[in-house]
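The values are calculated or read from the model by the stated rules, or taken from the named source; none is laboratory data. Being a predicted model, the structure only gives us computed values, none of them experimental. We place every Cβ from the backbone using ideal geometry, glycine too, and count neighbours over all the protein chains shown. In case anyone asks, the SASA skips ligands and DNA or RNA and just uses the protein heavy atoms, side chains included. Shrake-Rupley method; radii C 1.70, N 1.55, O 1.52, S 1.80 Å.
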Amino acid sequence: MPSFELLPGAPESAVLLHVPHSARAIPGDVRRGIVLDDAALERELDHITDAHTAELAEQAAGLSRVRPWRLVNRLSRLVVDPKRFPDEREEMRAVGMGAVYTRTTHREELRPADSDPAPLIERYFRPYAEAMTRAVAARLAATGRAVVIDVHSYPAEALPYELHGDGPRPPVCLGTDPFHTPPRLTDAAREAFAGCGPTGLDSPFSGTYVPLEYYGTDARVEALMIELRRDTYLREPGGPAGPGLRRLASALAALVDAV
């Protein structure tokens, strides 16, 4: 199966919806490197997966006046996490959750600590990063700008792996970057999600995803992370989507249209 998919939008759209953590699929050979039994792995997937965010982005794309592009990870983040640095720059390595996880959301063993991450990095992480770079480059070439909107979710109660889980946990959290997130983008998101409950900034999760080729150097690439608290649209930890999903999709569509 493909590990990710770029779904086309309108040629004139500058918006790229990025959905990196929505899938649960794990290839068989990767599964054999995970020490959890099947029941424990399913529980971990319930906690770690941003359930239904690919469906949310799909609905939002259909509701938007100008259809955005979407890059969707089709494999679980337990294979590799495409949003993490693959080296010592990644702070989540402190809890065994760099680009290739060795610990679970509850800080239990997922893979042996001495597992070599290099094969998974080469097989999955680097091709994904290259695809994201190409997708942003294509939006720049076509429209002169690119707006990357990360679509995520997070639990109502902090999980043990969280390094910054003691702050506010609003229904909608906006993750920003001082260089790539202009105030007008944040303002547009606040307005779009106003009907979904209070919106917070950079708590409990912060930052955005920008390909390293553009990070900190090209202001034509704008970025914002949308973190949706899961109890607003599903029964936690990983139940079916409820009616809140449609409301959030409409809000995301409004943001796409605004930018």
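Per-structure values
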read-out	value
Probe 1.4 Å - accessible area at Glu12, Å² to nearest ten	120
DSSP bridge orientation in the chain - percent antiparallel, rounded to nearest 5	35
Potential extension, His164-Leu140 segment - 0.36 nm per residue separation minus Cα distance	5.3 nm
Sparse-neighbour loop sites [GluC sites (Glu not before Pro); the range 206-239; at most 15 other C-beta within 10 Å; DSSP]	Glu213
Dipole in debye (nearest 20) - the chain, about Cα centre, beta carbon charges: Lys, Arg +1; Asp, Glu -1	700
List Ser206, Ser22, ordered by accessible area with a 1.4 Å probe, largest first	Ser206, Ser22
Value of [θ]222 nm, deg cm²/dmol, for the chain, DSSP H segments ≥ 4, -39500 (n - 2.57) each, nearest 500	-8000 deg cm²/dmol
Heavy-atom accessible area order for Tyr215, Tyr209, Tyr154, largest first, 1.4 Å probe	Tyr215, Tyr209, Tyr154
Where the chain is the region considered: accessible area per residue in Å², 1.4 Å probe	43
Rounded to 5, percent antiparallel among DSSP beta bridges of the range 164-259	60
Heavy-atom accessible surface of the chain: percent carbon and sulfur, 1.4 Å	52
Measure of compaction for the chain (Cα Rg per 2.2 N^0.38 Å)	0.95
